[in-house]
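Here's the structure we're looking at; comments come further down.
The values are calculated or read from the model by the stated rules, or taken from the named source; none is laboratory data. All values reported here derive from a predicted model rather than from experimental measurement. Every residue, glycine as well, gets a Cβ built from its backbone with ideal geometry; the counts of neighbours run over all protein chains shown.
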Amino acid sequence: MNTKEIREKKKDLTLSKRQRELIVGLLLGDGHLETQNGGRTYRLKVEHGSAQREYLEWLAHEFQEWILSGWYEKHKREKVVYGFTTVSHPALRFYGAQFYQSGKKRIPPLIKKLMSSLSLAIWFLDDGSAKSSKHRSLVIHSLGYTKKDLVLVQEALRHFGIEAALHKQRNGSFRLYLPYASSLIIEQFVRPILTEVPSLAYKVENIKPKE
């Protein structure tokens, strides 16, 4: 595709409501925005390891019209990384302003308004896991965020009836602990995705209704 064709394709691109919700979840998790022109346009970059290949392919399909060359495979030392990068576009500028401050990722002050059940499901699939094989509770490994950031997340989660505690780690970072009742809600949010990405079902396999 030549430069003129790319320019014409960009003109027709618009983000659907679903894609906007996915972007919020991805930016809460492992996704990143990149700009090469001082923030006039941004592109979304997502990468995962071989264990999440099915999930990566599913995400790439969700953004297929935004990805010119499909998803890619890279070999880093002994690891294989799969990923995709969208076109750079002004439609992503809002998310760049919300999720980044001085080049560092943060929780947006508007997160309560931005977060949907789909966004939360994506964040969990990126950064969540069972607390352990013996527990019926989940955690989100939110280690890159400040306590102030995560207090905003706690308030946003309450909108869904989810209570989350902040567990401080040895290095001073925090992760979100979701007790059983809250974990059940998360499981309900991710269930529709797991029908298409069954390789990630292990993340919630311990969360089953009590008999």
Selection within region 188-200 - in a helix (DSSP H, G or I), of a type outside the set (S, T, N, Q) and more than 15 Å from Ala130 (Cβ to Cβ): Phe189, Arg191, Pro192, Ile193, Pro198
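Considering only region 88-109, state which residues are among the aliphatic types (A, V, I, L, M) and in contact with a helix residue (DSSP H, G or I) (Cβ under 6 Å, 6 or more places away or on another chain). Reasoning before the result, please.
Here is the first cut: in region 88-109, the ones among the aliphatic types (A, V, I, L, M) are 91-92, 97, 107.
Passing the criteria: only Ile107.
Find the helices (runs of 4 or more DSSP H) located wholly in region 51-165 whose residues include 2 or more that are under 18 Å from the mean Cα position of the chain (by Cα), of a type in the set (Ser, Thr, Tyr) and surrounded by 13 or more Cβ atoms within 10 Å (Cβ to Cβ), and list them.
117-127
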Residue in region 170-187 that is acidic (Asp, Glu), under 26 Å from Leu59 (Cα atoms) and not in a strand (DSSP E or B) present: yes
The listed residue being free of Cβ contacts under 8 Å to residues at least 60 places away in the same chain, under 24 Å from Arg18 (Cβ atoms) and among the hydrophobic types (A, V, I, L, M, F, W, C), out of Leu114, Leu143, Leu125, Leu152: Leu152
Members of region 26-55 that are in contact (Cβ under 8 Å) with a residue 60 or more places away in the chain and of a type in the set (Ser, Thr, Tyr): Thr35, Tyr55
Those residues of region 119-160 which are at pLDDT 95 or above and of a type in the set (Gly, Ala, Ser), in sequence order: Ser119, Ala121, Ala156
Scope region 49-73; condition modelled with pLDDT under 95 and in contact with an Asp or Glu (Cβ under 8 Å, 6 or more places away or on another chain); matching residues: Trp71
